[in-house]
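Data block below; observations after.
The values are calculated or read from the model by the stated rules, or taken from the named source; none is laboratory data. Note that the structure is a prediction, hence the values are computed from the model and not measured. Every residue, glycine among them, receives a Cβ derived from its backbone with ideal geometry; neighbour counts consider all protein chains shown. Protein only, heavy atoms only, side chains kept; ligands, DNA and RNA dropped before computing areas. Shrake-Rupley method; radii C 1.70, N 1.55, O 1.52, S 1.80 Å.
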Amino acid sequence: MNPVYHQAKFINSAPNLKHAPPDHGLEVAFAGRSNAGKSSALNTLTRQNALARISKTPGRTQMLNFFEITERQRFVDLPGYGFATAPLAVIQHWRKAIEDYLNRRKSLCGIVLVMDVRHPLTEFDWQMLQWCEHAQLPVHILLTKVDKLSFGAAKNTLLEVRKELSGAPIPLSVQLFSSLKKNGLDEAHAALDQLFARPAAD
């Protein structure tokens, strides 16, 4: 476990890149379909109960939310996508914000892609992976909510997802994770350490 992630603090919410913090240092962005457990994962990884907002209504993360870890490292919580009950114009705005961020943010050094272990590799997940491939960004996948399945079923899903993505042209890793049981924390922190090991944007 790396305690540096426990000191994460909220900086600001940005509707687009114009309102984002200065584009220097390194950022790891958290992406995932609405209701995949992204906010819970962020809170668990930082050992904070309310760093990222958790809602029973999917799609509540509606902006790019920036969190400072150190002066040179940040987390970014991207809008959830694919399940939000929101007007089409709002969903299109989220989509453009995500695309602009992935394509233009120089400090972005990796993506943590959050998937519900019971519903992995949705259409949105494949789209995110294609964007990451285009941008040549490494990806670490958290298969969340493993407490909802038996160990055997979760392990089988892990193996299936790894097999499905074995030919990916970008660095890619996959793990099981439970915010409720705090399973997979050390592995996730190690993956974050690797993502942040890339050269920083200045």
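Of the accessible area of the stretch 1-155, with the probe set at 1.4 angstrom, what percent is carbon plus sulfur?
Reported share for carbon and sulfur atoms: 51 percent.
In what sequence, highest mean first, do 119-131, 62-74, 4-16, 22-34 appear when ranked by Cβ atoms within 10 angstrom?
22-34, 62-74, 119-131, 4-16
Using only alpha carbon pairs under 8 Å that are at least six residues apart, calculate the relative contact order of the stretch 109-189 and give it in whole percent. It would help to have the intermediate numbers written out before the result.
Numbers: 111 pairs, mean separation 27.0, N = 81.
Relative contact order here is 33 percent.
Once you order the gyration tensor axes a ≥ b ≥ c over the Cα atoms, which shape class does the stretch 94-144 get: rounded for a/c under 1.5, otherwise prolate or oblate by comparing a/b with b/c?
It is prolate, given that a/c is not under 1.5 and a/b is the larger ratio.
R0 = 25 Å: FRET efficiency of ARG118 with GLU187, Cβ-based, nearest 0.05?
Result of the calculation: an efficiency of 0.80.
Report the full-extension gain for the segment ASP147 to LEU180: residue separation times 0.36 nm, less the Cα-Cα distance, to one decimal in nm.
11.1 nm
The chain: D in µm²/s via Stokes-Einstein (Kirkwood Rh, Cα pairs, 20 °C, 1.002 mPa s)? Can you show the working numbers first?
Values: Rh = 16.8 Å.
Once the numbers are plugged in, D ends up at 128 µm²/s.
State, to one decimal in nm, how far the label point of ARG104 lies from the label point of GLN127, with both points 7 Å from Cα in the Cβ direction.
1.9 nm
About the Cα centre of the stretch 8-152, what is the dipole size in debye to 20, counting +1 per Lys and Arg Cβ and -1 per Asp and Glu Cβ, all else neutral?
Around 340 debye, computed over the stretch 8-152.
Could you pull out every residue, at least 5 positions away or on a different chain, whose amide H is within less than 5 Å of the one on ASN183? Hs are placed 1.01 Å off N in the peptide plane, and Pro or chain starts have none.
Amide H to amide H, under 5 Å and 5 or more residues apart or across chains, ASN183 pairs with SER178.
Rg/Rh for the stretch 121-202 to two decimals, with Rh computed the Kirkwood way over all alpha-carbon pairs.
0.99
Given the -39500 (n - 2.57) contribution per DSSP H run of 4+ residues, what per-residue ellipticity at 222 nm results for the chain, rounded to the nearest 500 deg cm²/dmol? Provide the component values of the computation, followed by the final result.
Values: 5 runs with 64 residues, N = 202.
Estimated from H runs of four or more residues: -10000 deg cm²/dmol.
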